[in-house]
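Here the structure comes first, spelled out in structure tokens, and everything after it is commentary.
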Amino acid sequence: MNYIKLLNAAFEKFYFDDRLNPTHISLYMALFQEWNSSRFADEFYVNRRDLMRCAKIGSKSTYHRCVTDLDSWLYLSYFPSNNPYKGSKIKMFIIGTSSEPDMGRYNPTLEQLAEQYHPIREPVVGQHHPINGQVLVSNTNNTKQENYIKQPKGRQAVIDFFEENGFDADEGKKFFEHYETRNWQTSDGQAIRDWRALATNWMDRTELFDEKNESNKKQASQIKDNLRTTKNKDYGQPL
């Protein structure tokens, strides 16, 4: 795998792709570095906080939007994790000089390197002791969790998912009813690929909205106090 050729091909694709903004490119470069650190493994695990710090992204909702865009635009495949002790999985596409990405040809040398090398944050099957401060769990039975689920089985499945992530049932109902009326399609008419990833983004936006709303209330209260005055003011007094 030629690092320079891969990077040059990526920048060539960036040049002609008007959908990208600087945050997309910054996140892609952070993921590219992780990919390089894993010896260009076919798939590797990532830590959201580390990627956000490396890409200089300060908002979780911005991160999820950008990584979902890169997935939709065929720069990579993103497999979100529902396990708090296991990072999400990324599969980078091998970009060629043509307009279509090379989906990754079988390479026995790369496969052997991937088997010998385990990134610090990648769970190893059967290993349960902490590595670098994180508890790792077996991924033997996690195949189903990594598959895309376009639609939930029902409203209760959505409510359970929201409650597992610290949100109340009402927020889960709002999410379900919003996308149920849209026939589980995005605002641009595209079919939803993974409702759980969309729900996670919904929860992140809800947290940001609540924080902003609380901040606005405090500012409004301060302004109200500063403007407090009396009706019995003597306008004959000099200012």
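Please treat every number below as a calculation from the coordinates, not as lab data. Keep in mind it's a predicted model, so treat the numbers as computed, not measured. As a convention, Cβ positions derive from the backbone with ideal geometry for all residues, glycine included, and neighbour counts pool all protein chains shown.
A few comments on the model shown:
- Along the axis of the charge dipole computed for segment 1-74 (Cβ charges of +1 for Lys and Arg, -1 for Asp and Glu, origin at the Cα centre), the listed residues Leu74, Leu51, Gln33 are led at the positive end by Leu51.
- Cβ-derived FRET efficiency at R0 30 Å, Glu43 paired with Asp160, nearest 0.05: 0.60
- Between amide H atoms placed 1.01 Å from N, distances below 5 Å from Ser81 occur with Ser88, Lys89, all of them 5 or more places distant or on a separate chain.
- With 20 Å as the limit, the listed pairs Lys60/Lys86; Lys150/Lys174; Lys91/Lys153 have Lys91/Lys153 beyond it between alpha carbons.
- Classified by the C-alpha gyration tensor, segment 1-89 has an oblate form. Its axis ratio a/c, with a ≥ b ≥ c, is 1.5 or above, and a/b does not exceed b/c.
- Here r is the Cβ-Cβ distance between Ala191 and Asn82 and R0 is 22 Å; the resulting FRET efficiency, rounded to 0.05, is 0.60.
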